[in-house]
There are 2 protein chains.
Amino acid sequence: MQKAHSDLAAKLEQELRRGVLMLAVLSQLKDNQYGYSLRHALDAKGMPIEEGTLYPLLRRMEEQGLLQSEWKIEDGPPRRYYRRSKDGERIYRDLAEQWRALVGTVEGLMEESTS
Amino acid sequence: MQKAHSDLAAKLEQELRRGVLMLAVLSQLKDNQYGYSLRHALDAKGMPIEEGTLYPLLRRMEEQGLLQSEWKIEDGPPRRYYRRSKDGERIYRDLAEQWRALVGTVEGLMEESTS
DNA sequence: CTATATACATAGTTACACACAGTATGTCAA
DNA sequence: TTGACATACTGTGTGTAACTATGTATATAG
């Protein structure tokens, strides 16, 4: 059956996106935003991410000093708002540059084998 | 000290490159090539990869049916030559397309926050 | 008052990159 | 001939991170 192929392809696609998730999150947190809304924003822009991935990721990034957060109680349920910290800004710029370099490298690797 | 920052940045860069390694390997294995030479070829093209990463990766990809290999004994020590299989060709095309899509998505995510 | 959307959290599983160490062959120069 | 270095591959252990699944709690609509 064709199942094996599509399973593998899906797994590989996931691996592809893995390293990019942090960059994607950083890119969206210039202004305050909470997890749930961030998740839907990313989804709308073609970068879906599971809850079980996003929330731990946000916590981790705060631990690493890339994000700052605070609880806010408004109309709805309590929400935790995140935004980039000073370090987060710097790392984001570094990471964005590394990303562009990587894109160039991969382009170079692939171009020879264009069918 | 600045150490913490550069450590983190290095770790993130590694994560960034992680998903791309398989794509990079696939891109180079249109023709027969053995691990050691492949490693140096990738290094020369801006995609360095550790031995402890590359060799298990090649084995794994063969298990998954993406590569075919055979031992050859010539002048030097025995070498294991790898090349893309039929499935490998197909997956490579899929993966390359997903990569291009991902590049577009990330571009879209980042462009708003250009300083 | 019950179903659904909102909002966040976490335990468990799996996969992978790397550091480190080991084995063995080939080459070259003192 | 021996010792150093490059070549070529293998294996173990460790750490990190994404996902699945599940749980908790608050709002809102019928």
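The values are calculated or read from the model by the stated rules, or taken from the named source; none is laboratory data. Predicted model only: the values in this text are computed from it and were never measured. Here the Cβ positions follow ideal geometry from the backbone for every residue, glycine too, while neighbour counts run over all protein chains shown. To get the accessible areas, we keep the full protein, side chains included, count just its heavy atoms, and leave off ligands, DNA and RNA. Shrake-Rupley method; radii C 1.70, N 1.55, O 1.52, S 1.80 Å.
Below, the figures for the structure above:
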| quantity | calculated |
| --- | --- |
| Scan of segment A:27-46 for residues that are assigned to a helix (DSSP H, G or I) and not acidic (Asp, Glu), ordered by number | A:SER27, A:GLN28, A:GLY35, A:TYR36, A:SER37, A:LEU38, A:ARG39, A:HIS40, A:ALA41, A:LEU42, A:ALA44 |
| Residue selected from segment B:71-106 under the condition more than 30 Å from A:LYS45 (Cβ to Cβ) and more than 16 Å from DNA strand C (Cβ to nearest atom), by the criterion surrounded by the fewest Cβ atoms within 10 Å (Cβ to Cβ) | B:LYS86 |
| Filtered residues of segment B:8-33 (kept if within 12 Å of A:VAL106 (Cα to Cα) and more than 8 Å from chain A (Cβ to nearest Cβ)) | B:LEU21, B:VAL25, B:LEU26 |
| Count - residues of segment B:34-50 that are within 11 Å of chain A (Cβ to nearest Cβ) and of a type outside the set (D, E, K, R) | 6 |
| Subset tally (residues that are open to solvent by less than 40 Å² (accessible area, probe 1.4 Å) and assigned to a loop (DSSP other than H, G, I, E, B)) for segment B:47-70 | 4 |
| Count of residues meeting criterion [open to solvent by 60 Å² or more (accessible area, probe 1.4 Å) and either away from DNA strand D (no atom under 11 Å from the Cβ) or touching a residue at least 60 places away in the same chain (Cβ under 8 Å) (or both)] in segment B:18-31 | 2 |
| Any pair with Cβ under 7 angstrom, 6 or more apart, that starts in segment B:43-59 at a residue that is more than 22 Å from B:TRP71 (Cα to Cα) and ends at one that is β-branched (Val, Ile, Thr) and more than 9 Å from DNA strand D (Cβ to nearest atom) | B:LYS45/A:THR105; B:GLY46/A:THR105; B:MET47/A:THR105 |
| Answer from B:ALA24, B:ALA96, B:ALA10 - the residue that is among the small types (Gly, Ala, Ser), part of a helix (DSSP H, G or I) and more than 30 Å from A:GLY88 (Cα to Cα) | B:ALA96 |
| Single unsatisfied condition, B:GLY88 versus (1) facing chain A (nearest Cβ under 8 Å); (2) more than 9 Å from DNA strand D (Cβ to nearest atom) | (1) |
| Positions within segment B:51-70 being within 21 Å of A:GLU13 (Cβ to Cβ) and either more than 12 Å from DNA strand C (Cβ to nearest atom) or within 14 Å of chain A (Cβ to nearest Cβ) (or both), in sequence order | B:THR53, B:LEU57, B:ARG60, B:MET61, B:GLU62, B:GLU63, B:GLN64, B:GLY65, B:LEU66, B:LEU67 |
